[in-house]
Amino acid sequence: MTRGPELVGEMMRLRPIEARDAERMWESVQDPESNRLTGTTAEFTREQIDEWAATISDREGRYDWAITSAAQRDGQLVSDEMIGEIVLNDIDERALSANLRLVLLTNYRGRGYGREAIFEVLRFAFDHPEGPHLHRVSLDVLSINPRARMLYESLGFREEGRLRDAFRDGDGWADAVVMSILEDEFRAGL
């Protein structure tokens, strides 16, 4: 289970992350707002990001995609540059479950790319011939990120619980809201 297939929606395309995505990944981890809203506290070196981008799509137990625009001109993609990433990780082949994680670069948030990327990854996870045929996909969203939570709910994710004060937010704390969607819930929403 490595290097997932290319997935294409109306406005975005997902392709496995490659070494050439390191610059955009580096840009992403330098974004204080993104780090705050995702609870990212780790600091990375550029060398770590370069190595991650070059090898992540071939690691077992996960699928890592670069989100790119599907815009075309004269039948050719306008750009193949990464605008975000979406990950299906912590895949448990016995329990048929996995975790989902999404991050978009600042200029691409709120424009529909995330919604479509999540939908395509869920379709891959539950129904794609090359997919892992999961029963459940979960995620954590921070309580300080209501916009993301509304997006997840609109796609059929339901709250399962809350990890109180699980993340530091400046001088305060943020809860991690645990959400999931089951295969039959996804199919019912199609």
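The values are calculated or read from the model by the stated rules, or taken from the named source; none is laboratory data. Source: prediction; values computed, not measured. Glycine gets a Cβ as well: all are built from the backbone with ideal geometry, and neighbour counts include every protein chain shown. We work out accessible area using only protein heavy atoms, side chains counted, and drop any ligands, DNA or RNA first. Shrake-Rupley method; radii C 1.70, N 1.55, O 1.52, S 1.80 Å.
Of note:
- Helical runs (DSSP H, four residues minimum) scored at -39500 (n - 2.57) apiece and divided by the length of the chain put the mean residue ellipticity at 222 nm at -8000 deg cm²/dmol.
- Note on Tyr108/Asp58: beta-carbon distance plugged into 1/(1 + (r/R0)^6) with R0 of 30 Å gives a FRET efficiency of 0.70.
- By definition, a body whose alpha carbon gyration tensor gives a ≥ b ≥ c is rounded when a/c is under 1.5, and segment 7-131 falls into this rounded group.
- Rounded accessible area of Glu153 (nearest 10 Å², 1.4 Å probe): 90 Å²
- To the nearest 10, the accessible area of Leu105 is 10 Å² with a 1.4 Å probe.
- Placing pseudo-labels 7 Å out from each Cα toward the beta carbon at Arg101 and Thr41 gives an inter-label distance of 1.5 nm.
- Each residue, Ala188 and Trp173, gets one label point 7 Å from its Cα in the Cβ direction; the gap between the two is 3.4 nm.
- The modelled label-to-label distance between Arg158 and His128, using points 7 Å beyond Cα along the C-beta direction, is 2.6 nm.
- Anisotropy class assigned to segment 70-190 is oblate, per the alpha carbon gyration tensor with a/c at or over the 1.5 cut-off and a/b no larger than b/c.
- All other residues whose Cβ lies under 15 angstrom from that of Ala71 are scored, Lys and Arg at +1 and Asp and Glu at -1, for a net of -1.
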